[in-house]
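What follows is calculated from the coordinates using simple rules that are stated; it is not laboratory data. Computed from a prediction, not measured in an experiment: that's the story for all the values here. As a convention, Cβ positions derive from the backbone with ideal geometry for all residues, glycine included, and neighbour counts pool all protein chains shown.
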Amino acid sequence: MKIMIVDDSTAMRLIVKRTLRQAGFEGHEIVECEDGDLALGAIKRAKPDLVLSDWNMPKMTGIELLEKLSAEGIKIKFGFVTTEATPEMRARADLAGANFLISKPFTAEVFKETLGAFIK
């Protein structure tokens, strides 16, 4: 399975990768992008099975990325890993078609519980 991690922080991308391993999701191909703008093109080229995206990033936010994908008819399993998880953000994510929203800080147990339905 191909998983794309989209976050403007290199350290956070590494933490997400480590947490995926700790949650038992090893052996998957991991692709990284540092913002939503780069991710949009990469998703079209690489066709990942799952995208784990930060919400707030320069150039294009995670929610803007998801909304553009939806507008272009690109169906993909997509979720947020973000520090902000207000009820309004959760509602907007749901409306845009997000499959989940994981709040930072997170644990391997939260990843295992939330992502188990999406990672095979």
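Contact map, the stretch 1-16: first residue in contact (Cβ under 8 Å) with a residue 40 or more places away in the chain and surrounded by fewer than 22 Cβ atoms within 10 Å (Cβ to Cβ), second residue of a type outside the set (Lys, Arg) and in a helix (DSSP H, G or I), Cβ cut-off under 8 Å, separation 6 or more or different chains; pairs are Lys2/Ala46.
Of the strands (runs of 3 or more DSSP E) contained entirely in the stretch 1-91, those carrying at least 2 residues that are within 20 Å of Glu109 (Cβ to Cβ) and not small (Gly, Ala, Ser) fall at 2-6, 50-53, 77-82.
Among the candidates Val51, Val31, the residue that is in contact (Cβ under 8 Å) with a residue 24 or more places away in the chain and within 21 Å of Glu113 (Cα to Cα) is uniquely Val51. Considering each residue of the stretch 66-75 in turn, none proves to be touching an Asp or Glu at 6+ places or on another chain (Cβ under 9 Å), surrounded by 13 or more Cβ atoms within 10 Å (Cβ to Cβ) and of a type outside the set (Asp, Glu).
Filter the stretch 111-120 down to the residues that are part of a helix (DSSP H, G or I) and within 14 Å of the chain's Cα centre (by Cα), then identify the one that is surrounded by the fewest Cβ atoms within 10 Å (Cβ to Cβ). This residue is Thr114. When you check Ala98 against the structure, is it surrounded by fewer than 16 Cβ atoms within 10 Å (Cβ to Cβ) and more than 17 Å from Ser9 (Cβ to Cβ), yes or no? Here the answer is no, as Ala98 does not meet what is asked. Checking each residue in the stretch 69-109 for being touching a residue at least 60 places away in the same chain (Cβ under 8 Å) and hydrophobic (A, V, I, L, M, F, W, C) picks out Val81, Phe106, Ala108.
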